[in-house]
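Data block below; observations after.
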Amino acid sequence: MTDHQTLLDELNQHREQLNQGGGAARIDAQHAKGKLTARERIACLMDEGTFHEIDPYITHRHSDFGLDQQQHPGDSVIVGFGKIDGRKVAVHAQDFTVLGGSFSEVQGQKVAKLMDMALASGVPVIGLNDSVGARIQEGVYSLAAYSELFWRNTQASGVVPQISVMLGPCAGGSVYSPGLTDFVIMTRGLSHMFITGPDVIKTVTGEEVDVETLGGAAAHSEKSGVAHFVADDEDAACQLTRRLLSYLPSNNAESAPRTNPIEDLAPALDLDRIVPIDPSEAYDMQAVIARVFDPASFLEVHAQFARNAIVGFARLNGEVIGVVAQQPLVLAGVIDIDASDKMARFIRFCDAFNIPLITFVDSPGFLPGVDQEHNGIIRHGAKIVYAYSEATVPKIAVITRKAYGGAYIVMSSKHIRTDWVFAWPTAEIAVMGAEGAVSILYGKELKKSNDAAERARLETEFRDKFSKPYYAAASGHVDDVIAPSETRARLISALDFLRDKAVTSPARKHGNIPL
Ligand code: HXC
């Protein structure tokens with residue numbers, strides 16, 4: 001008869017086997033590529049000793065194409081719960097050593113169970129992705145499993161934060177779940193994302209491209225905007241994920257975690273002179289952000305994408321804030337299609353997860369051009385107005401310099417229900433810049449007279465009226481004009497005032513943001 005010790009020994013043997021994944025040779029091959037195994041990744045990400053696995057014994061149920069010879073307990077994914085900085089998280093990590101981490105019927109079953117539990121418990125979901133895509137041998141079973149994952153990603157959207165960390169070749173269906181999640185982190189040189197690889201592209205379009213150019217970290221962080229962050233290696237990706245999580249609430253019923261307030265930070269007096277008097281001279285909005293928020297607290301999102309806009313998380317006296325801004329150093333802070341998408345998506349994330357928004361405005365307006373018009377700047381720009389208008393979290397704007405025309409309206413103006421709008425003395429709020437305005441208002445006369453002195457006089461007259469914020473402040477469309485060095489203190493007290501803000505939105509199934 002079996003005794004207890006035998007049963008325990010048997011359990012330990014099973015556990016030993018689980019750690020072997022697809023076998024020693026494939027683990028060596030994974031390491032040789034500079035990649036960690038799924039278990040090593042989980043250990044890197046989680047607080048030590050906190051991870052508890054679910055369903056480690058599940059194996060696939062298929063036999064076609066030799067699958068019956070390739071059964072590994074747990075199949076191609078490891079799922080479970082653990083903690084990061086003492087906070088609960090749900091994690092699924094694809095095991096590339098088992099059939100290339102291919103998405104199988106049971107991989108889908110395991111991840112679905114995890115996500116259902118995470119959603120019910122209000123716990124963030126992190127996916128560590130390293131997969132060749134749908135498991136070809138399983139046909140529709142694999143596709144059905146993917147579909148179930150995509151459905152869950154959609155159901156979880158706006159309820160719990162979802163983070164995708166890309167750690168290998170992610171092809172086909174492997175990119176759509178990340179594409180549905182809130183944040184995508186890629187590892188430089190190790191991760192690739194594409195719907196179809198170079199071979200298929202060559203067959204269909206004749207284009208020749210290598211995987212790095214097609215779907216590497218640079219392509220997705222700079223051009224497509226699919227990746228929000230890039231890490232230099234796997235360890236850096238883990239640390240970045242942990243840091244990102246420190247700014248996020250666990251679910252949409254919570255506030256983001258606060259750190260200790262910094263009471264005695266001296267006002268940054270150099271802010272008072274940071275905006276050049278000459279409107280054609282640029283300055284660095286990052287320097288403004290660094291001086292207003294808690295020291296070194298800014299975590300930029302989409303740092304390499306649409307660099308004319310800046311979005312990211314910062315802390316203000318310990319409280320997490322979503323920061324949206326223009327960057328005058330890049331394209332003078334103009335709003336184009338990519339900047340619109342970048343800002344709108346970030347605003348909506350913050351609103352969904354109770355993170356107040358602070359916006360720094362310095363933009364000459366939307367980028368003119370045939371390319372922008374034909375690619376839908378109207379449709380994309382409308383997303384910013386929509387996102388700010390529907391956001392019910394506390395919203396504060398600071399106009400540092402230009403707020404011309406459309407940029408004035410869409411960048412968190414009072415009219416789309418921003419709670420407080422402050423202007424610096426350098427703020428210029430006008431329908432357009434002085435040169436353009438004078439050409440339109442006095443173009444015919446000036447063409448006839450060709451009088452440069454008169455043109456200059458008219459431009460100065462226009463500037464005098466609109467290049468200072470007092471005209472707008474007198475209308476009540478700006479709440480106050482403040483010295484730049486007062487900004488931090490004013491934002492802290494304005495946010496404190498808004499802490500219990502409650503807004504009722506109209507009853508509807510959902511709005512229809514222009515996508
Ligand atoms: C099952 C697969 C597989 C697949 C590769 N393998 N692709 N098994 N289904 N789709 C196996 C390999 O035979 C190998 O098995 C192991 O996984 C690792 O693959 P390698 O090719 O050795 O790895 P690597 O050299 O790193 O190349 C990775 C790769 C390449 C570039 C991703 O494997 C590749 O191009 N695979 C096909 C990608 C693809 O087209 N997937 C289907 C997408 S369609 P062994 O036994 O040697 O370890 C899709 C549909 C859903 O996903 C769409 C929803 C929107």
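The values are calculated or read from the model by the stated rules, or taken from the named source; none is laboratory data. Note that the structure is a prediction, hence the values are computed from the model and not measured. Positions of Cβ are generated from backbone atoms using ideal geometry, with glycine treated the same way; all protein chains shown enter the neighbour counts. We work out accessible area using only protein heavy atoms, side chains counted, and drop any ligands, DNA or RNA first. Shrake-Rupley method; radii C 1.70, N 1.55, O 1.52, S 1.80 Å.
Remarks
- Residue satisfying condition, being more than 24 Å from THR392 (Cβ to Cβ), among the aliphatic types (A, V, I, L, M) and at pLDDT below 95, within set ALA472, ALA502, ALA483: ALA472
- In the range 403-428, the residues that are at pLDDT below 95 and in a strand (DSSP E or B): TYR404, GLU428
- Scanning the range 302-317 for residues that are in contact with a strand residue (DSSP E or B) (Cβ under 9 Å, 6 or more places away or on another chain) and in a loop (DSSP other than H, G, I, E, B) returns HIS302, ALA303, GLN304, ASN308.
- Matching residues in the range 36-49 - criterion: being within 25 Å of the chain's Cα centre (by Cα) and of a type in the set (D, E, K, R): ARG41, ASP47
- Criterion: touching a residue at least 12 places away in the same chain (Cβ under 8 Å), within 12 Å of the ligand (Cβ to nearest atom) and either surrounded by 15 or more Cβ atoms within 10 Å (Cβ to Cβ) or not aromatic (Phe, Trp, Tyr) (or both) - qualifying residue of PRO178, PRO161, PRO124: PRO178
- Selection from the range 76-135 of residues that are β-branched (Val, Ile, Thr) and under 14 Å from LEU245 (Cβ atoms): ILE84, VAL89, VAL91, VAL123, VAL125, ILE126
- Sole exception among (1) touching a strand residue (DSSP E or B) at 6+ places or on another chain (Cβ under 6 Å); (2) over 26 Å from LEU498 (Cβ atoms) for PHE360, by number: (2)
- Residue satisfying all of: in the range 379-409; open to solvent by 30 Å² or more (accessible area, probe 1.4 Å) and polar (S, T, N, Q); farthest from MET432 (Cα to Cα) among these: THR392
- Complete set of residues in the range 28-39 that are open to solvent by less than 70 Å² (accessible area, probe 1.4 Å) and either assigned to a strand (DSSP E or B) or farther than 22 Å from VAL106 by Cβ (or both): ALA29, GLY34, LYS35, LEU36
- Residues of the range 201-214 classified as of a type in the set (A, V, I, L, M) and closer than 15 Å to CYS170 by Cβ, total: 2
- Residues of the range 51-85 that are farther than 12 Å from LYS110 by Cα, assigned to a strand (DSSP E or B) and open to solvent by 10 Å² or more (accessible area, probe 1.4 Å): HIS52, PHE81, LYS83.
- Of the residues making up the range 135-158, not a single one is in a strand (DSSP E or B) and among the polar types (S, T, N, Q).
- Test: residue in the range 18-27 that is open to solvent by less than 50 Å² (accessible area, probe 1.4 Å), at pLDDT 95 or above and either away from the ligand (no atom under 16 Å from the Cβ) or not aromatic (Phe, Trp, Tyr) (or both): yes
- Verdict on ILE274 being within 26 Å of ALA483 (Cα to Cα), open to solvent by less than 60 Å² (accessible area, probe 1.4 Å) and modelled with pLDDT under 95: no
- Of all the listed residues (ASP500, ASP480), the sole one being out of contact with any Gly (no Cβ under 9 Å at 6 or more places or on another chain), acidic (Asp, Glu), closer than 30 Å to LEU271 by Cβ and in contact (Cβ under 8 Å) with a residue 12 or more places away in the chain is ASP480.
- Number of the condition not met by GLU222 [criteria: (1) among the acidic types (Asp, Glu); (2) surrounded by fewer than 20 Cβ atoms within 10 Å (Cβ to Cβ); (3) out of contact with any Phe, Trp or Tyr (no Cβ under 9 Å at 6 or more places or on another chain)]: (3)
- Residues of the range 283-309 classified as open to solvent by less than 60 Å² (accessible area, probe 1.4 Å), under 17 Å from ILE335 (Cβ atoms) and without any contact (Cβ under 8 Å) to a residue 40 or more places away in the chain, total: 2
- Matching residues, the range 56-108, being hydroxyl-bearing (Ser, Thr, Tyr), away from the ligand (no atom under 14 Å from the Cβ) and closer than 21 Å to ALA144 by Cα: THR59, SER63
- Number of residues in the range 235-271 that are over 13 Å from the mean Cα position of the chain (by Cα) and open to solvent by less than 10 Å² (accessible area, probe 1.4 Å) equals 3.
- Residue identified as in contact with a helix residue (DSSP H, G or I) (Cβ under 9 Å, 6 or more places away or on another chain) and open to solvent by 10 Å² or more (accessible area, probe 1.4 Å) among GLY168, GLY173, GLY101: GLY173
- Whichever residue in the range 141-158 is surrounded by fewer than 18 Cβ atoms within 10 Å (Cβ to Cβ) and within 11 Å of the ligand (Cβ to nearest atom) and, among such residues, is nearest to GLY66 (Cα to Cα): LEU143
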